[in-house]
Structure formats: structure tokens, C-alpha cells
1. Going by the conditions given, is residue B:307 in contact (Cβ under 8 Å) with a residue 24 or more places away in the chain, buried (at least 24 other Cβ atoms within 10 Å of the Cβ), touching a strand residue (DSSP E or B) at 6+ places or on another chain (Cβ under 6 Å) and not assigned by TED's automatic domain parsing to the domain that holds residue B:239?
2. Right, residue A:95: touching a helix residue (DSSP H, G or I) at 6+ places or on another chain (Cβ under 9 Å) and assigned to a helix (DSSP H, G or I) or not?
3. Hey, can you tell me all the residues within segment A:344-383 that are touching a strand residue (DSSP E or B) at 6+ places or on another chain (Cβ under 7 Å), closer than 13 Å to residue A:40 by Cα, part of a loop (DSSP other than H, G, I, E, B) and within 14 Å of another protein chain (Cβ to nearest Cβ)?
4. Can you confirm whether residue A:271 is within 30 Å of residue A:85 (Cβ to Cβ), facing another protein chain (nearest Cβ under 10 Å) and in contact (Cβ under 8 Å) with a residue 12 or more places away in the chain?
5. Go through segment A:92-102 and give me each residue that's under 14 Å from residue A:382 (Cβ atoms) and within 14 Å of another protein chain (Cβ to nearest Cβ).
6. Take residue B:151 and tell me if it is buried (at least 23 other Cβ atoms within 10 Å of the Cβ) and either in contact (Cβ under 8 Å) with a residue 12 or more places away in the chain or in contact with a helix residue (DSSP H, G or I) (Cβ under 7 Å, 6 or more places away or on another chain) (or both).
7. Taking residue B:323, is it more than 10 Å from chain A (Cβ to nearest Cβ), surrounded by fewer than 24 Cβ atoms within 10 Å (Cβ to Cβ) and either in a strand (DSSP E or B) or at pLDDT below 95 (or both)?
8. Which residue pairs have Cβ atoms under 6 Å apart, sit 6 or more places apart or on different chains, and have a first residue in segment A:218-230 that is assigned by TED's automatic domain parsing to the domain that holds residue A:242 and a second that is part of a loop (DSSP other than H, G, I, E, B) and buried (at least 24 other Cβ atoms within 10 Å of the Cβ)?
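The values are calculated or read from the model by the stated rules, or taken from the named source; none is laboratory data. It should be emphasised that the depicted structure is a prediction, and the values quoted were computed from it without experimental measurement. Positions of Cβ are backbone-derived with ideal geometry, glycine not excepted, and every protein chain shown enters the neighbour counts.
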């Protein structure tokens, strides 16, 4: 914590940070000075979103509130496949327009770097369409967007009873096509009993690694299935969700550089009464990140500060751990820790101002717009 | 639900609402027309806040996250008494300034009517100071503020071991002084084992009723103590919290006009794994309202739309029930149902616009600023 500090920005990078009185000794050229009132944070990093979708799933929300279970919701036309049907038929231009305003809201809440997954296409063209939307918006929005291919989000209806064929399609057609067009940096799989098994996840991620994609894994969300251990074994950047992680999984993460990405907003939105064992992960030595999991079915959450407050209240994080979880640890979960997630020389000049007196307030006021200004790559974002 | 509708406002009241095509038949004078894009709701009503306080209780938040219990937090100088100490010594002008910006944030989130309790004074002058802040801000802010006297929020340290004396002070000095200066509309008591017993609560509320104050009760929050039944017996406007309400309490509320005010944000911020039995209350026939419980220790929540989303996800409300819970039912919890909480002729022209396509989205996007415009008494509030 520096009080009365200054940050020197040179172009799109941070050149120096230190006591305000020492600025003069660290620059030669004339300065453009901007006074900040409040607390300056590194730009927040939302390292897990499913940000490209069509309509919100409002019926699912109410059905779940009334106690209808997952299978009955799917049978009624809801669940992931509702979003898949929507994304498949919706024109790319419409998807881009809907996604633009949603990612802009995340940016306004301080998310200067946002990971965005595909996974509502589940067929080659629709998956590519989602990733092209991300590429287009990366050129339009001030935030840095990190695209992740998640063709293995669910087995699509046309492959029911032919799982192996779908896995082959993902490995042999989708991953090569995504890599060829350079449409994704990472590949993710939903590893969960009833979705993709650990063996299928290994097969898909192994194929992705051959094509140079970094790896991530939806692991141990609702039931444990050794997902965390698999993520570590494969050298994945992150294992995400982890509400049902085992002791073995905790030990595996603790002994690795794979980041534990926790998503408390999802458990709250789903009405669950449990959360991932964040303190046990931290005390074992794992790196913990937080993210919104922004998606239309289980987490229509557009605010990292809200997720940070839930991190403290629901996961038992210290305020400092909540800040680390959306900055340097979240950067590591995207392979970006070399130059993001800190206010330090050489880092990209992504900065967030919270209009608060005490830095801890950023993870305290729930539902308040505490972020008052955002810079990306050295430039102020429009309010 | 009206689509393509119009609302006619005459001065500070709603004169007519109906299909847009029928406007011409319902007015004579020239109109000033304002086009709305989105969904128009009655102004939201936050019927339970402790909005006048000094510093946020950040240490309590982290201590609780790390598993420190209520008593140990109090022993370390936290808890309600930290806010009491703060409010007692803080100048009225400072309290007004802090409260102004916080209530303005609630208003921006759509709360056009806000109940504000005292209860961090616990001595005559400091209680009056809090209520005078509310009166001052009622004249400055566009929101309607409803002041509630909560001198029986806790037994202050100087009356430890002399509870009966404090109860007598509340009944015989504070309530008469508050009534004389017309500083409160309602009187509330924190009825909970270890705070004020049902007998003490009855004594205080009975005194308040003699002075013409409407009654409210913090009831059955952490442990059941017959609070809901007492609220009904005394004809209180509302019984609030209710996470530990008994079946008898549910039946009592269902057979009465006392509103059940539920506060799901508090349980989330406290890291609790349970919530009030909202569906059982509704199905029994009770009227359910939602509120932020905005306060520095257990619910620094500045957004009614977030509370509505938690109402659906955590309490099992339908979207329509969540809307009712912050409009007409919340109006009833303040004795204001005659002219607030609806878009209807004769009602105060308090209106909220949500920039959404489907009205249910107001209780869906978590942490998003869905409210795009607010009117109070027929006038637009500054953005």
C-alpha cells in the first residue's frame, strides 16, 4: 500500500510507481498529470466468463427458484441447450451487439482484461461464430479479451448416444480450425459426471495442447471427479469452480502452478448453500482467483467488485486475498502474470480507481458502483 | 403488464395509466411528452435500512470471514457498539454528508422511498442527531425518507446490568422526545434473545403506540423468540428478518396485515447458509417484502435490484413476487400502500425505468446497473 503515490505511464505501459515526491527524479520529458481521488488498483481481470450469448435464461431462473431440478429444466427446453439453440440461429451481428454492451458493463466495473469462452455453439460454425464475435469486439472495446474455445461444454443433442464421435469432432475438426484461424488462446472442457469424463477431458485437452492452446478446466463443480488433479497433471493454467474438490485435489493444486478459480456468484445465483473450500485451498498453498462466471444460465453477474465482496463474505477470503484474486492470480489463470495484475514497471497500464477512502471498501459495499474510472493501456475509458 | 403504454402525470401524482393510443381521451391541457425505452416500474421502496452511520465496519467483515464469532468481534471493539461510539462523537454535519451520498446511491438504484432507522445513538441526544440528519436529508434528496426510531437496537454499555433502566429511558424519555419533535413515523425494536426480550419489546412498542408511532419489529433473526407473533399481536406494520421464524409465527403473519420483511443480502453478507422461509410465508398467505437492510456491519448493500435477484435465487421468489416485494408490499410495510408502490391513478408519481427488454431482468442481472432513470413526485432525478 502506497499513500500519496504516483504512477508514471509511458505509452501503454507503466514506467514507474513510487512516492509522489520522487516523480521528478524518474522522468525527463514533460508530463501530462492526472490527479486521482480514491484508491488506484491494477485493472481487474475477469478470468472466467461465457460472455457470448443471446437471450437471458429468465425461465430457468424462476423454475430453479421454485425447486425444479436441472433435468426437468432441460426437459422444459431450458439449460445450456437453450443458449446453444439461440446462438446457433442468431446472426453474428446480433450476437456482437448483445455481447458488446455486456462486456462494456464488466469493463465499467473494472474488468480491464476479460476471458471469454465459446461453448454455446457445439458445432464448428457456431463455435467459430462466437470466437469471431470475441475477435471483433477485442478490436472495438478498450478491454483486452482473451478467447477460450469450449466446444466441450456439453454434448449437443445430435450426438446423444454418440459421445465418442463428438469428442473426435472437437479434437480433429474444431480444435484444428480454431487454431488455424488463431481464434482462441486457451481450450477449456466441462469435466463433470454426466458431461465430459476425466478421460474425455484428457483426450480433448491433449489435442488442444498439440495445437498450442493453453489449457483450462471446469473441474469438480457439482460432484468431484478428479478434475483438479487432471488439470494439474496436464499443466493447465487453471482449474475452475471446485465446489466439490477432494483433499487430493487440494493437495495437487497446492503443489502446482495451476490456479484455483472460484466463482461464488454462481453458487449464490443457483441458490446453493455451499461454496468452494477457499480457505483450505489458500492454507494448503494454492493460488486462488475469483471470476464472475458471467453467463445467462447460472451467473448473470456483471460486477467483479460484487464477486470480491462475496469472496470475503461467502468464501472467507481476507480483503487482500480478494484483491489478489482478481489481479495477479487472475492474470496467472490466463498466463498473463508477466505484465498484468500489478501496478509495476513494465506492466500494461490497466488501472482502476475506486472512489473509496479505504482500499478494503472495494470488496465490501455490495451492489454499489465503487469503480469511478478505468484506464486500459494508458488511456482513459469513457465513463 | 401493459405494452406500449402511457402514464399521465399531473403535478406530483399519477393521473392516468393505460394504452398509449388512449392518452388523447384522458387529458385536456397541453402535454409535455417523454419517451421511455425499457420497462417502467413503480418507484422501488426500501422499507428497512439503518442508513445513518459513520465509518464502514471493514474489520468486522474480515474477522467474520475468518471465522471469528459475534462475541469475539464485539470484544475486539467491533459490532454495533463500534458504530454507536462513532455516531455519538461524529458531528451532525459529517453524518449528514456521509449519509447523503449513501442514500443517493440507493436512489440511483431505484429506491424512491427509503425507510431510515436510528439506533446507533442509544442515548437521547445521539438518537435525535441521527433522526435530525434524516429530516435534513429528506429536504435535500429527491427520495422520500421515512424515519424510524430504533433506540432499542442494543443495550448501551453504560446500562449493562441495568437493562430495565434503559428500557425505561427509551419509553419515558426518548420516545416522548422523538414524538414531540415529530422526528419519526415508526418505532422499531431489536427483539432477539440476548438483545431485547419479547416482554421488553412489548413494553417499548406499547409506549410508542401511545405516542402515535407506527410499529415495526426486528423479529426471529438468528433465534426464534416469538417476535413474529408479537408483531402481529401489536398490529405492527412489519416483522423483519424472520430467518428463524416458527410455524406459529408464519400462521400469525398469514392471518394478519403485518408484512414479512425479508433481507436476503444480510444473510449473504454474513456468510450464513440459511435464509428466511419465504415460500412457506407466501404459500401460507403472508405478504412478503424485500429490503436492503443497508447498514455498516451486516449489509452494506446499496442496490434493491441486487436484493430482488437474491430474492429469486436465494429465497425462491417468482420474479413477479420480487417486484411486488419492493413495491406495493414494501409500501404496506411502511403504511404507505394508499398512494405508493403502484403505477395507478392517485399514486405519487415515483417511477423507475429499467433499461431491459423483459421486465424480469430487473431481478436477474446481478451487480448490474439496470436502473437507467428515476422520477420522484413527477420530476426526473439527476443521473
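1. Here the answer is no, as residue B:307 does not meet what is asked.
2. Yes: the conditions hold for residue A:95.
3. A:355, A:356, A:370
4. Yes; evaluated as a whole, the condition is true for this residue.
5. A:101
6. Against the criterion (buried (at least 23 other Cβ atoms within 10 Å of the Cβ) and either in contact (Cβ under 8 Å) with a residue 12 or more places away in the chain or in contact with a helix residue (DSSP H, G or I) (Cβ under 7 Å, 6 or more places away or on another chain) (or both)), residue B:151 qualifies.
7. So residue B:323 does not fit the description; no.
8. Listed pairs, sorted by first residue: A:220/A:242; A:220/A:245; A:227/A:220; A:228/A:220; A:228/A:245.
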